[in-house]
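The values are calculated or read from the model by the stated rules, or taken from the named source; none is laboratory data. Because the structure is a prediction, the values reported are computed rather than measured. Cβ placement follows ideal geometry from the backbone for every residue including glycine, while neighbour counts extend to all protein chains displayed. For the accessible areas, the whole protein counts, side chains as well, though only heavy atoms, and no ligand, DNA or RNA atoms are used. Shrake-Rupley method; radii C 1.70, N 1.55, O 1.52, S 1.80 Å.
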Amino acid sequence: MSEPIKIDIWSDIACPWCYIGKRHLEEGITSLGDDAPDVEITYHSFELAPDTPIDFEGSEVDFLAKHKGLPAERVHEMLDHVTGVAANAGLDYHFDTLQHTKTLKAHELLHFAKQLGRQLELSERLFRAYFTEGRHVGRVDELVELATEVGLDADEAREALESSRFAGAVQADIAQAQAYGINGVPFFVIDGKYGVSGAQPSEVFAQAITQVAGEKAA
């Protein structure tokens, strides 16, 4: 048995392109069919807007207009565009009900889930909660509830969040991103040697994985 191909993904739960990139990667792997090599996916923390308050007052349009210094009309156009791209990837985005928040605690919970082999399930659950269901992923109570939905223990999840036990792991991921020169997400590192930036089409991921698999076999 050969070692699985490691795919390290830097992303943020509040990043719409990260969820789309996740789907494109999954589609790329699926498209390889029986020829698909074993892959081992790990998510790493990246905060797009670390200065965001937990309870942001206002809509996603308000946040982006202020954060990016753009007129509201332009922000609406951007959100309409990304909603359409998401729909093509099978994702249902609702920016009108989205609750913008600081994602630090969500990242801490992902590290907790990683220890227990539930990181991939939690990542999917958090993205859907944020972009589709309008859930508040910055609050501990809400995060604990989402954790239980993927099979994690509520008391253990709460302790991990309230103690900030994984805060150091989050900062280590962010420092590694800086060391790699990553200044935007999603960013995929395939087998430690190839970087794929952005929510590339599924064919790009399939090609990269096939290339790495061939190199490993050789």
Margin query: Can you show me the helix-derived [θ] at 222 nm for the chain, built from DSSP H runs with n ≥ 4 at -39,500 (n - 2.57) apiece and divided by the number of residues, rounded to the nearest 500.
Written below: -17000 deg cm²/dmol
Notebook entry, point to check: Of the residues Pro186, Pro16, Pro71, which exhibits the maximal mean-square fluctuation in a Gaussian network model of the chain defined by a 10 Å Cα contact cut-off?
Noted result: Pro71
Margin query: Tell me the net charge near Phe63. Cut-off is 15 Å between Cβ atoms, Phe63 excluded, with +1 for each Lys or Arg and -1 for each Asp or Glu.
Written below: -4
Notebook entry, point to check: Can you pull the percent of the chain's accessible area that's carbon plus sulfur, 1.4 Å probe, other chains left in place?
Noted result: 49 percent
Notebook entry, point to check: So which lysines can Lys114 reach, going by Cα to Cα under 20 Å and dropping same-chain residues fewer than 8 places off?
Noted result: Lys6, Lys22, Lys105
Next item on the list: Name the residue, out of His24, His136, His81, whose mean-square fluctuation peaks in a Gaussian network model built on the chain with Cα pairs under 10 Å.
Entry: His81
Next item on the list: Could you do me a favour and compute the accessible area per residue for the chain, 1.4 Å probe, result in Å²?
Entry: 49 Å²
Checklist line | Net charge of neighbours whose Cβ lies under 15 Å from the Cβ of Glu47, counting Lys and Arg as +1 and Asp and Glu as -1 | finding: -2
Checklist line | Dipole moment magnitude, nearest 20 debye, segment 60-218 about Cα centre, only Lys, Arg, Asp, Glu C-beta charged | finding: 520 debye
Checklist line | Proximal lysines relative to Lys66, as straight alpha-carbon distance under 17 Å, when same-chain residues fewer than 8 apart are discounted | finding: Lys102
Next item on the list: For every other residue with a beta carbon closer than 12 angstrom to the beta carbon of Ala217, add +1 if it is Lys or Arg and -1 if Asp or Glu, then tell me the sum.
Entry: -2
Next item on the list: Take every DSSP beta bridge whose two residues both sit in the chain, then give the antiparallel share in percent to the nearest 5.
Entry: 55 percent
Next item on the list: Would you indicate which of (1) 20; (2) 17; (3) 11 is the value of percent of Cα pairs over 31 Å apart derived from the coordinates of this structure?
Entry: (1)
